[in-house]
Amino acid sequence: MPWTTVVPVAALLVLAVTWGRHAGAVLIVLVGACLAGAVLAAVHHAEVVAHRVGEPFGSLVLAVAVTVIEVALIVTLMVSSASDTASLARDTVFAAVMITCNGIVGLSLLLGALHGRVAVFNAEGTGTALATVSTLAALCLVLPTFTTSSPGASFSGPQLAFAAVASVALYGLFVLIQTVRHRDYFLPVAHPGVPEHDDEHADPPSDRVALWSLGLLLVALVAVVGLAKIESKPIEDGVKAAGFPASAVGVIIALLVLLPETLAAVRAARRGRVQTSLNLGLGSAMASIGLTIPAIAVASIWLEGPLELGLGATQIVLLAITVAVGTLTVVPGRATLQQGGVHLVLFGAFLFLAINP
C-alpha cells in the first residue's frame, strides 16, 4: 500500500490510542512525527481531488475542509482547557489571516516570480477575494474593539448574531461567484514564454480514485487537528516556560492547522500556478473568518465565560498594513520578487510581535 494511504490511517490510530493520556517525551515525539506525515498525506490527497474537480473547486475543498476541522479544534480547546480561552478564537483566526494573507501569499508571489520572472494572476478574482477578507476581518475582529454595548473587546449578543449572519452571507456569496458566476476569474493564468508543467495535461484521476483521496484527505485532516490538540498542552507549557504571551498559543495552532494548505500553495507556485496558490491563501483566510466566527457564535450559547474578538492596537495596525499592501499587490495583476518580499516581511513582523509584543 502507498504511504499516502498508510500514514493517515496510522496517524488516526495513534490519535485514538493517545487521546486523553498523559503525553510523555517519547509520546510527544511520536505524535509530532505522525502529525508531519499526516500533513504531507493531506497535501497529496488534496492535489488529487483538485486535479479531478479542477480549479477553483480544488482550492475550495481544501480550504473548507481545513477550516471545519479548525473550528472543531478551537471549540474543543475552549471546552476542555483549564486556562483562560476567552481570546483563543480571536488569536487563532487573526493568526490564520496573517499566515495566509502574508505568509502564503508572500511565498506564492516569491516562487511564482522565480519561476517566470514575474508572478501573473487574475486581478479580478484575487481582488474580490482580498476585499471579502478585508471586510470580514474588519467586521469580526476590529469592530468589537470599538463597540460600547458590552464591556471589553467583545460583541453584545445581537451584535455577535449580526456578525455571524453577515459572515456566512458574504462567504456564501463569494463561493457562488468563485464557482459559478465568474469562475474564469479564479482560473490559473498562463505566463507567456514559460512552459507549463507536465502534470498540467495529465489525465484526471477516476471518480473512484478521487473519492478515495477525498476520504483519506478528511482522515488526514482529522488526524492533523487531533494530534495538534494532543500537542497543545506541551505547546502551552513551552510558551509559558519561554515567557511568551498566551496569544502565541493561537499562532502556533494556526501554523499547524494551515500546514497542508501552505505546502499545497508552495507546490502550485513552483509550477507557475500562482492563481491556484492565491486561491488557497485568500480562500483559507476567508473561510477561517466566515465559518469560524458563526460557529463560535453558536457555541458561545453553551460555552461559559466571555468571548473576546476585538484586536489590540498593534494587531489592528498590522491588519491595516496588510490590507493596504495587499491591495497594491493585487491591482496590477502582476508581481515581482519585491511584492513577495514585502508580504514575507509583514509575516515576519507578525510572528516577532506575537512572541515579543
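Only the coordinates and a few stated rules stand behind these numbers; no lab work does. Predicted model only: the values in this text are computed from it and were never measured. So basically every Cβ, Gly included, is an ideal-geometry build from the backbone, and we count neighbours across all protein chains shown.
Computed extension gain for Ala169 through Val345, at 0.36 nm per residue and net of the alpha carbon distance, reaches 60.1 nm.
Go ahead and run the numbers for FRET between Val209 and Thr314, Cβ-Cβ distance against an R0 of 45 Å, rounding to 0.05. With a Förster radius of 45 Å, E is 0.45. The phi torsions of the stretch 93-107, fed into the Karplus equation with coefficients 6.51, -1.76 and 1.60 and a -60° offset, translate into couplings of 5, 5, 4, 4, 5, 5, 5, 6, 6, 10, x, 5, 5, x, 4 Hz, rounded to whole numbers, with Gly and Pro shown as x. Distance between the modelled labels on Leu114 and Thr179, one decimal in nanometres: 3.3 nm (7 Å Cα→Cβ projection). Cβ crowding within 10 Å, taken as a proxy for footprinting-reagent exposure, orders Cys34, Cys101 from fewest neighbours to most as Cys34, Cys101. Under 5 Å between amide hydrogens, built in the peptide plane, is the criterion, and for Ser150 it picks out Ser156 among residues at least 5 positions away or on other chains. The value of relative contact order for the chain, using C-alpha pairs under 8 Å at least six residues apart, is 39 percent. Remark: the Ala299-Met1 segment gains 103.3 nm on full extension, using 0.36 nm per residue and subtracting the alpha carbon distance. The 3J(HN,Hα) values that the Karplus relation (6.51, -1.76, 1.60; θ = phi - 60°) gives for the stretch 220-231 are, in residue order, 5, 5, 4, 5, 4, 5, x, 5, 5, 5, 4, 6 Hz. Gly and Pro appear as x. Less than 5 angstrom separates the built amide H of Ser87 from those of Glu308, all sequence-distant by 5 or more or on a different chain.
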